[in-house]
1. What's the number of the only condition in (1) among the aliphatic types (A, V, I, L, M); (2) more than 30 Å from residue 253 (Cα to Cα); (3) surrounded by 19 or more Cβ atoms within 10 Å (Cβ to Cβ); (4) in contact with a Phe, Trp or Tyr (Cβ under 8 Å, 6 or more places away or on another chain) that residue 445 fails to meet?
2. Between a first residue in the range 241-265 that is within 12 Å of residue 182 (Cβ to Cβ) and a second residue that is of a type in the set (Phe, Trp, Tyr) and buried (at least 17 other Cβ atoms within 10 Å of the Cβ), which pairs have beta carbons less than 6 Å apart while being 6 or more apart in sequence or on different chains?
3. Tell me which residues, restricted to the range 138-192, are without any contact (Cβ under 8 Å) to a residue 24 or more places away in the chain, closer than 29 Å to residue 105 by Cβ and either charged (D, E, K, R) or outside any helix (DSSP H, G or I) (or both).
4. (1) surrounded by fewer than 21 Cβ atoms within 10 Å (Cβ to Cβ); (2) at pLDDT 95 or above: which one isn't true of residue 355, the others all being true?
5. Being out of contact with any strand residue (DSSP E or B) (no Cβ under 6 Å at 6 or more places or on another chain) and either assigned to a loop (DSSP other than H, G, I, E, B) or among the hydroxyl-bearing types (Ser, Thr, Tyr) (or both) is the filter; apply it to the range 430-452 and report the residue that is modelled with the lowest pLDDT.
6. Of everything in the range 337-350 that's over 23 Å from the mean Cα position of the chain (by Cα) and on the phi < 0 side of the Ramachandran plot, which residue is modelled with the highest pLDDT?
7. Working only within the range 310-321, note down all residues that are part of a loop (DSSP other than H, G, I, E, B) and surrounded by 14 or more Cβ atoms within 10 Å (Cβ to Cβ).
8. Out of (1) buried (at least 16 other Cβ atoms within 10 Å of the Cβ); (2) more than 30 Å from residue 124 (Cα to Cα); (3) out of contact with any Pro (no Cβ under 7 Å at 6 or more places or on another chain), what's the single condition that is false for residue 344?
Amino acid sequence: MQQTSTTASVNVLERMADTLPETESELYQWSETGGGLRIESQAPPLPEPANSEMVTGVGIRARVPLVVAADASGTLPRASGAPPTARPGASARERGVRLAAVMQAAAAVEAFHPYHSRTVPNLDAAIVAALRTAAEQPGATAGLDRLASELRDGHAQVIHPDAARLRALPWEWTPLGEDLVITAVSPTGAGGVRPGDRVVRFGGEPIESAWARWAEVATGGSPGCRRLEGVKWAGALLGEPGRSVEVEVESLDGALRTVEVSYDTAPGGLRSIRLDPVAELSEGTLYVDLSRLDDRMWRDNLKRLTAAERLVVDLRDYPGRLSRDFLRHFSTETMVSDDFVLPIWGAAGEEVRRLSTAWRLAPKEPHISSKRVFLAGASSVSYAESILGVVQRASLGPIVGDTSCGSNGNLTRTHLIGGTLWGFTGLDTLGPDTLGPDGIHRNPAGIQPDRKVGPTREGIAESRDEVLEAALAVLEDGD
């Protein structure tokens, strides 16, 4: 969708006045505020039906209807004759289509991305680089991937229809410092690779140089999130079905071995060992994984949760099935979230005003009065970060783990020529003033933990959850 402005309107449709039929009609204008945010307001006064004639920086002219006449049956005047014969869809394998898709995506970013001025100070240069990539590389989304990475946005999405057929390697892996470490292996095996093994070479290439290539198109806000995202997608963990790749790994004892593995596993099907969604760790101490609960499961376990003396709340993954109502049990006072801010951009690409909203969460019985600690990490994104913002603002308990993804706000999406789905964060998110001028911007900095801790190769090999262990130590220190 395009943002419109009536200030630059040119009355080029006046010549069409005689063609309008004798019928009652009204004038309609679309005002796009982006971000999927609905705003109730009085209808503004509308000009006469007109086009806006826009001239781009490279001399391309476009006339876009801003106001149209319509009756109950549709826009006026009516089209006559048969519609033109449908043409085959544009293919991203064509150079011109790839370039057009990058221009579409860039226009959406300039009009609707809420904080690109912070993360991409020279957007024109980023667009030029993306266009050059799209022109020179045959991949359907190469230029778009380059532009998405520049946004430093964990919500940035470049999804081509062909991606649905991709398969995964028979393991999961994660960055640990400068190492890429296997965390989980398919039950069908992976040539003897085990959790805790370190990747040394990938496809005959030193992992350092392969990782550097993947990082060029990595999305994500915080550095940890970008590193994690860079090893998850096509060319790394995902690939064409049946394709094989040689991977050299090093075990904890230093032994090296090379295995040939295929892309034949369903993406996202493997997980590191986790506890039950609600688990008793010791007498009086409960663990709850919010990513695996819905509202009914929360209610069913609420009695156990309120009776617990100590509570570990896991927000390292996305709690997509649980409404924010659960938070109301954690305080006897009304809590507020971070500010969710939507900038409205003018025709010249300048911010003309801001719309802001926040959650207000009144307390609700029964009250959870236990000692609490919350787990976070690079995979804590969007809604998980909204919850963590409330936790931090209301001092509900210390946060243990790693910095969150730094990509909070709803998702803005559009389909581009060539079939690619393009998306990014639709809102900016502001933390409390007490965080200072740098910390107040949650995107792309993320929410910082009170105690920073992460896994080790040894812990992964032993199937230990070292972040959880650190959280329990924090609870014990508070006793």
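The values are calculated or read from the model by the stated rules, or taken from the named source; none is laboratory data. If you're wondering where the values come from, they're calculated on a predicted model, not measured in any experiment. A quick note on method: Cβ atoms are made from the backbone with ideal geometry, for glycine too, and the neighbour counts reach across all protein chains shown.
1. Result: residue 445 fails condition (4) only.
2. 247/202
3. 139, 162
4. Unmet condition: (2).
5. We begin by selecting, within the range 430-452, every residue out of contact with any strand residue (DSSP E or B) (no Cβ under 6 Å at 6 or more places or on another chain); these are 431-439, 441, 444-448, 452.
Still in the running and either assigned to a loop (DSSP other than H, G, I, E, B) or among the hydroxyl-bearing types (Ser, Thr, Tyr) (or both): 431-432, 434, 446-448.
Working: 431: 93, 432: 90, 434: 75, 446: 96, 447: 96, 448: 95.
Checked the range 430-452; the qualifying residue modelled with the lowest pLDDT is 434.
6. Looking only at the range 337-350, we keep the residues that are over 23 Å from the mean Cα position of the chain (by Cα), and these are 346-350.
Narrowing the set further to residues that are on the phi < 0 side of the Ramachandran plot leaves 346-348, 350.
Details: 346: 69, 347: 63, 348: 58, 350: 72.
Among them, the one singled out is 350.
7. At the first step, the residues of the range 310-321 found to be part of a loop (DSSP other than H, G, I, E, B) are 315-321.
Hits for the range 310-321 are 315, 316, 317, 318, 319, 321.
8. All conditions pass for residue 344, except number (2).
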